[in-house]
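Trainee: Below are the structure tokens for one structure; questions will follow.
Every number in this text was worked out from the coordinates using simple rules, so none of it is lab data. Here the structure is a predicted model, which is why all the values come from computation and not from measurement. Don't worry about glycine lacking a Cβ; one is built from the backbone with ideal geometry, like all the others, and counts go over all protein chains shown.
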């Protein structure tokens with residue numbers, strides 16, 4: 001089930017227009033989400049595989065499309081904490097988010 005989710009998210013995100021043809025950053029983003037399903041926005045944008053501006057755009061798109069949930073909002077110098085909703089629900093075995 002996890003592999004199916006990984007494959008469907010990889011294809012689904014690319015089809016939504018987040019990734020122009022021939023550009024791999026969104027694949028790195030999906031890999032990051034499966035490696036760290038709960039993460040801070042600054043950790044995501046600091047990912048060396050993705051340029052900072054591109055990472056910010058991908059993060060905003062994933063959040064706007066409902067693929068990520070905001071577990072903690074940004075507050076002063078504390079970054080927002082996001083969760084990959086579908087994977088967290090699979091791991092918990094129920095619809096928590």
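Trainee: Give me 71, 33, 59 ranked fewest to most by other Cβ atoms within 10 Å of their Cβ, as a rough exposure proxy.
Mentor: 71, 59, 33
Trainee: At 7 Å along the Cα-to-beta-carbon direction for both residue 92 and residue 42, put a label point, then send me their distance in nm to one decimal.
Mentor: 2.6
Trainee: Starting from the Cα of residue 69, move 7 Å in the Cα-to-Cβ direction to define the label point; list residues of the range 77-91 whose amide nitrogen is under 15 Å from there.
Mentor: 81-91
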